[in-house]
Amino acid sequence: MTPALMCEDLWKTYQRHRAIGVKSLLLGADTPRETRFSREWALSEVGFEVPRGRSFGVIGPNGSGKTTLLSILLGTVQEDRGRVSLNGRVASLLELGAGFHGDLTGRENVFLYGSILGMRLAEVRQRFDRIAEFSELEDAIDTPLRTYSAGMVARLGFSTIINSPAEILLIDEVLAVGDTRFQAKCHQALREFRARQGTLVIVSHNMKELNEVCDEGICLELGRVVDAGPIARVVVRYQERMAAMAPGKAAGGAPGNR
Amino acid sequence: MWALAHTFALAFVYWIAFKIIMRLDMPNYSVYLVTAMFPWAWLAVGAIGGARSFVGNAPLVKEMGVAHVIFPLSNVMQEMMHFVFALPVVIAWVVLAGGYPPSVSWLWQIPVMILLQVAFVYPIALGCALANAYVRDIEPLLGIGFSLLFFATPMVYPLSIVPQPLHGYLELNPLHALMQSWRSVFMQGALDLPLMALAGGFALAAGAVAWLLYRKLAPRVGEVV
């Protein structure tokens, strides 16, 4: 059986001095240096596959290429080398409020977001009650989105995609703003989604969440896969490496030493 | 609504300036103004709004993977709707203030002109949107450009009063061809085929350029907006 999602030997580089004005076009820009947030390869040699009905966690420090990876999977950023294939309808929740409009009510936004996700009007209508119920927004569903808190926006966004007919979900660190109970509800819904043979790729810094939701995962550092395998193992090793790098515990230095 | 009022206000200002103050000797000057001002507003606002469409919808471009061609199209269509809403007022003005007879053939001529205008404006909007994603200065430059083009096109003056040596250039101006085609429909009830061919030729050329730009620039738009 073909995996729901596969990528092979992905390489990605960004133009580091983006042409943002006539001035920089004419004068050029200074020579870029290799640093954590500005290096030649945003991603290099990244490869993995996720079988249908599995969920896959991506962890790594800030600037390690996680969002770039999700954007490539979604197709909004193009890889320089390598191959990506996704088999199934994709829905993404990469940024809080993307696809929503502040002046529309929650209800209208569900229809807007649904249509952006590729649902037909009848499909959204048919699913609307479930979406509204899942979000628990109650009467607030009919007030404009600009009056919503971040948590409420996340509720609406998550409720819509989890009730969409998507077979592959890409989620980037948006559940963090929900309250504990709603997060637990999301995790439950994601497990049910997986049980329906849905495939999930999730980026998160919440290790508990990853352990609860994912089967397998990878850890990225400086754009490279430094660890892959069962999520529990990847998480433990990642935490060990992070602890070793924590301030005051710099490599070789005794705790408390500068 | 306000888009309509804005264009009418501009037409009114030009009418005061040229008809009352400068004493331009031209019958039905107000009709001449109004019949081209609305297509012009569609063109200029559609292109400038289109130029902003990737940058202004960055979350949709970056996070949702919506097909790029949609964004400038939505601006062109939005301005088309403004134009369609303005049509009854323009027609009323042509018939009541100008005394031109209403024509049944408008029923098919106007849709044909609308198609021509979409074909004309969309490639400009798409090309500008792509360019503006990479070089943000395009949008303000476009505003300046359209202001200059407005006066480089016989919009507020008739071609006939332009000195002879400049005539040739103005007649080659595809914007003039498009605007004059609109006037011809409203004021003569006829399609001006040579002018429409010139405007259509420009639309094809612009379409080819926009397509090449799209092939070249679209894949990285998600990274640069």
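The values are calculated or read from the model by the stated rules, or taken from the named source; none is laboratory data. What you see is a predicted model, and the numbers here were worked out from it, not measured in a lab. Note: ideal-geometry Cβ built from the backbone for every residue, glycine included; neighbour counts use all protein chains shown. Calculation scope for accessible area: heavy atoms of the full protein, side chains included, ligands and nucleic acids excluded. Shrake-Rupley method; radii C 1.70, N 1.55, O 1.52, S 1.80 Å.
Using a 1.4 Å probe and counting only protein heavy atoms, arrange B:Leu172, A:Leu156 so the residue with the most accessible area comes first.
Accessible-area ranking of B:Leu172, A:Leu156, largest first: B:Leu172, A:Leu156.
Grab the beta carbon distance between A:His205 and B:Ala17, set R0 = 51 Å, and tell me the FRET efficiency rounded to 0.05.
0.25
What does the charge add up to near B:Lys62, with Lys and Arg as +1, Asp and Glu as -1, over the other residues with Cβ less than 13 Å from its Cβ?
-3
Can you check what the net charge comes to around A:Gly47, using other residues whose Cβ is under 14 Å from the Cβ of A:Gly47 (Lys, Arg +1; Asp, Glu -1)?
-3
GNM, chain B, Cα, under 10 Å: largest mean-square fluctuation among B:Gly49, B:Gly168, B:Gly189?
Looking only at B:Gly49, B:Gly168, B:Gly189, the largest GNM fluctuation is found for B:Gly168.
Net charge near A:Arg155, counting Lys/Arg +1 and Asp/Glu -1 over other residues with Cβ under 13 Å of its Cβ?
Residues near A:Arg155 contribute -2 overall.
If the protein assembly as shown were replaced by its equivalent ellipsoid, with semi-axes equal to the square roots of 5 times the Cα gyration tensor eigenvalues, what would those be, largest first, whole Å?
Semi-axes (√(5λ), whole Å): 54, 27, 19.
Measure out, as a whole number of angstrom, how far apart the alpha-carbon centroids of region A:118-133 and region B:148-225 sit.
Value for the Cα centre distance between the two parts: 44 Å.
Go ahead and collect, in residue order, the members of region A:82-102 whose backbone nitrogen is under 20 Å from a label point 7 Å along the Cα-Cβ direction of A:Ala150.
Label zone hits: A:93-102.
In chain B, if the dipole is taken from +1 on Lys/Arg beta carbons and -1 on Asp/Glu beta carbons about the Cα centre, which of B:Val135, B:Tyr169, B:Phe146 is farthest to the positive end?
Projecting each Cα onto the dipole axis, the largest value belongs to B:Val135.
Starting from 0 in steps of 5 Å, tell me what percent of the Cα-Cα pairs of chain A lands in each bin.
In order of increasing distance, the bins hold 1, 6, 12, 15, 16, 15, 13, 10, 7, 4, 2, 0, 0 percent.
Across region B:8-17, in residue order, what do the Karplus-derived ³J(HN,Hα) couplings come to in whole Hz, using 6.51 cos²θ - 1.76 cosθ + 1.60 with θ = phi - 60° and x for Gly and Pro?
Whole-Hz 3J(HN,Hα) from phi for region B:8-17: 5, 4, 4, 4, 5, 4, 5, 5, 4, 5.
Taking θ = phi - 60°, what integer Hz values does the Karplus form 6.51 cos²θ - 1.76 cosθ + 1.60 yield along region A:88-102, in sequence order, with x for Gly and Pro?
Whole-Hz 3J(HN,Hα) from phi for region A:88-102: x, 6, 10, 10, 10, 9, 9, 9, 5, x, 5, x, 9, 10, x.
Sequence-distant or interchain residues sharing an amide H contact under 5 Å with A:Thr105, placed H: which?
Distant-sequence amide H within range of A:Thr105: A:Leu145.
In whole Hz, with x marking every Gly and Pro, tabulate ³J(HN,Hα) for region B:40-46 from phi via Karplus 6.51 cos²θ - 1.76 cosθ + 1.60, θ = phi - 60°.
With the stated coefficients, region B:40-46 comes to 5, 4, 4, 4, 6, 5, x Hz.
Ordering B:His82, B:His167 by how much accessible area each has at a 1.4 Å probe, largest first, what is the list?
Correct descending sequence by accessible area is B:His82, B:His167.
Between B:Val31, B:Val185, B:Val89, find the one with the highest GNM mean-square fluctuation for chain B; connect C-alpha pairs within less than 10 Å.
The residue that fluctuates most here is B:Val89.
Would you mind checking region A:162-197 for residues with the amide N under 14 Å from a putative spin-label position 7 Å along Cα→C-beta of A:Glu133?
In region A:162-197, the label zone of A:Glu133 (backbone N under 14 Å from the point 7 Å along Cα→Cβ) covers A:163.
Pick from A:Gly118, A:Gly217, A:Gly157 the residue whose mean-square fluctuation is largest in a GNM of chain A, springs joining Cα atoms under 10 Å.
Result for chain A, Cα springs under 10 Å: A:Gly118 fluctuates most.
How much mean residue ellipticity at 222 nm does chain A get from its helices, if each DSSP H run of length 4 or more adds -39500 (n - 2.57) and you divide by all residues, to the nearest 500 deg cm²/dmol?
Result for chain A: -11000 deg cm²/dmol, rounded to the nearest 500.
Other chains near A:2-10: what is the mean number of their Cβ atoms within 10 Å of each residue's Cβ?
Mean shielding count: 0.
To the nearest 10 degrees, how steeply does helix A:231-245 sit against the main Cα axis of chain A, on a 0 to 90 scale?
With both axes taken from Cα atoms, the answer is about 50 degrees.
Considering only lysines 8 or more places apart in sequence, or on different chains, count the pairs in the protein assembly as shown whose C-alpha atoms sit under 17 Å apart.
4
For A:Leu93, which sequence-distant residues (separation of 5 or more, or a different chain) have an amide H within less than 5 Å of its own amide H, given hydrogens modelled in the peptide plane?
A:Leu170, A:Ile171, A:Asp172
For a quick check: with amide H placed at 1.01 Å from N, whose amide H comes under 5 Å from A:Glu216's, ignoring anything fewer than 5 positions away on the same chain?
A:Ser55, A:Gly57, A:Ile231
So, R0 is 25 Å and r is the distance between the beta-carbons of A:Thr143 and B:Ala5; what FRET efficiency does that work out to, to 0.05?
Between A:Thr143 and B:Ala5 the formula returns 0.25.
Using Cα pairs closer than 8 Å and at least 6 residues apart in sequence, work out the relative contact order for chain B, in percent.
28 percent
Do you know which residues of region A:64-82 lose at least 40 square angstrom of accessible area in the protein assembly compared with their chain on its own, with a 1.4 angstrom probe?
A:Thr76, A:Gln78
Do any trypsin sites (Lys or Arg not before Pro) in region B:1-104 lie in a loop, going by DSSP, with at most 11 other beta-carbon atoms within 10 Å of their beta carbon, and if so which?
Counting only loop positions with at most 11 other Cβ atoms within 10 Å, the trypsin sites (Lys or Arg not before Pro) in region B:1-104 are B:Arg23.
Counting only protein heavy atoms and rolling a 1.4 Å probe, how much accessible area do A and B lose on contact, total for both sides, in Å² to 100?
Counting both chains, the buried surface is close to 1600 Å².
Sum -39500 (n - 2.57) across every DSSP H segment of at least 4 residues in chain B, then divide by the residue count to get the 222 nm mean residue ellipticity, nearest 500.
Calculated from helices alone, the mean residue ellipticity at 222 nm is -23500 deg cm²/dmol.
Sorting A:Arg237, A:Arg81, B:Arg220 by accessible area (1.4 Å probe), largest first, what list results?
Heavy-atom accessible area, descending, gives A:Arg81, A:Arg237, B:Arg220.
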